[in-house]
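The values are calculated or read from the model by the stated rules, or taken from the named source; none is laboratory data. All of these numbers come straight from a predicted model, not from anything done at the bench. A quick note on method: Cβ atoms are made from the backbone with ideal geometry, for glycine too, and the neighbour counts reach across all protein chains shown. Areas reflect the complete protein model, heavy atoms only, side chains present, ligands, DNA and RNA absent. Shrake-Rupley method; radii C 1.70, N 1.55, O 1.52, S 1.80 Å.
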Amino acid sequence: MTPPEDDAGAMLRETADRLLADLMTPQARARAIGEWPEDLWSALAEVGLPAAILPEAAGGFGVPVDAALSLLTIAGRHALPLPLADTMLAGLALARAGMEVPDGPLAVAQGSAMTLDAAGRTTGHAWGVPWGRHARAVVVLAEGRDGPVLVALPGDALTVEPGTTIAGDPSDAVRFAAVAAPGAPAPFGADELRAAGAATRALMIAGALAEVSAMTVRYAQERRQFGRAIGQFQAVQQNLAVLAGQAASATAAAGLAAEAVAAWGPGMLPAIAAAKVRAGEAAGQGASIAHQVHGAIGFTQEHRLHDFTRRLWAWRDEFGREAQWAQRLGRHLIAAGPDGLWPAITAA
């Protein structure tokens, strides 16, 4: 019997939190810089976290999608240097198309020149593919004769030009020419896939920002200046309050995004657009305050703060920045017209 939604989400989050607290040691973080941490990924796969979002028929837990996505807030809380979000996103897309989900890390690529020829071979390219070089398969939406086709390109058939995000995580250019790979008609378009990706980043931002807020409060209570903790100064207290507010806003926005992905369909775009805009704004303001309170020590390689703030900045960029999603949301509200504005706002 599948546990109730709240219980399922809580169990997943508790399991993931305990596991990552044990795994993400300073030594493990150091090993993950510039190389693939196979031991960390194997530990996640062993307890089934990458497949948690899949239905039972596809090897998953059969829990609600939004409950499974809540795992990503825990990944954000630990600044996880692994493609858990991308593997879950790719698996969800493949499952919705009725395709087999490969084992191992997966990636989703977006590009403007992905085509499927009459022989079923895919040609195209994409930039900024998260963890592309380590993916067992890269999922793409290719344009076929009868509409979009979801294709799972095997990683060993791709040409990868390595790149990195500001956090040091892989963000690669991927090229593929006439690759024969499994495919199926996509029951969604590129906009929905991009929106689902943006939702994963909003969730991780929320988790990371919650940890940054807690970390900054602890530091303000411990760091003493002029004979007392800096957290006792009114200006610092005000900054901490703003940081907590930004973290709470990001958490609320991420919950909205997860519910939208669970519902899926064209109607998910306005809600996720609003969530990505709000989470991105919170990431920028929250990271700035955290570094201001920590001072110089927060910029050192030895301190943990940069593990979180650099990923906040990276996730803010991935699957569309605030300006892009704000434009999309604005067009949606304009199209609703004067009489439809309030219903459009409340519906999202």
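Some observations on this one:
- Rg and Dmax of region 269-348, based on Cα coordinates, read 16.8, 55 Å.
- The relative contact order of the chain, computed from alpha carbon pairs under 8 Å that lie at least 6 residues apart in sequence, is 14 percent.
- (i) 32; (ii) 18; (iii) 23, with the label sought being that of the calculated percent of Cα pairs over 35 Å apart: (iii)
- One compactness figure for region 2-84 is 1.10, namely its Cα radius of gyration divided by 2.2 N^0.38 Å.
- Probe 1.4 Å, all protein chains present, accessible-area order of 230, 334, largest first: 334, 230
- Listed residues 87, 122, 300, most fluctuating in the chain (Gaussian network, C-alpha, under 10 Å): 300
- In nm, spacing of pseudo-spin labels at residue 224 and residue 321 (7 Å Cα→C-beta vector): 4.4
- Computed FRET value (nearest 0.05) for residue 117 with residue 264, which takes r as the C-beta separation and R₀ as 25 Å: 0.30
- Both radii are taken from the alpha-carbon atoms of region 112-265; with Rh as the Kirkwood radius, Rg/Rh is 1.18.
- Distance (nanometres) between label positions extended 7 Å along Cα→Cβ at residue 335 and residue 127: 2.7
- Note on the chain: dipole from Cβ charges, positive end direction compared against 65, 282, 341; the farthest Cα belongs to 282.
- Taken about its Cα centre, the chain carries a charge dipole of roughly 1080 debye when the Cβ of each Lys and Arg holds +1 and the Cβ of each Asp and Glu holds -1.
- Taking 293, 151, 140 in turn, the Gaussian network model of the chain (Cα-Cα springs below 10 Å) assigns the largest fluctuation to 293.
- Accessible surface calculations at 1.4 Å, restricted to protein heavy atoms, place the chain at 44 Å² per residue.
- Here residue 157 and residue 235 are evaluated by their C-beta separation; at R0 = 51 Å the FRET efficiency comes out at 0.35.
- Solvent-accessible area, 1.4 Å probe, carbon plus sulfur percent, for region 117-188: 52
- Comparing 139, 47, 129 in a Gaussian network model of the chain (Cα springs below 10 Å), the most mobile by mean-square fluctuation is 47.
- Point-to-point label distance, residue 57-residue 22, nm (Cα→Cβ direction, 7 Å offset): 3.4
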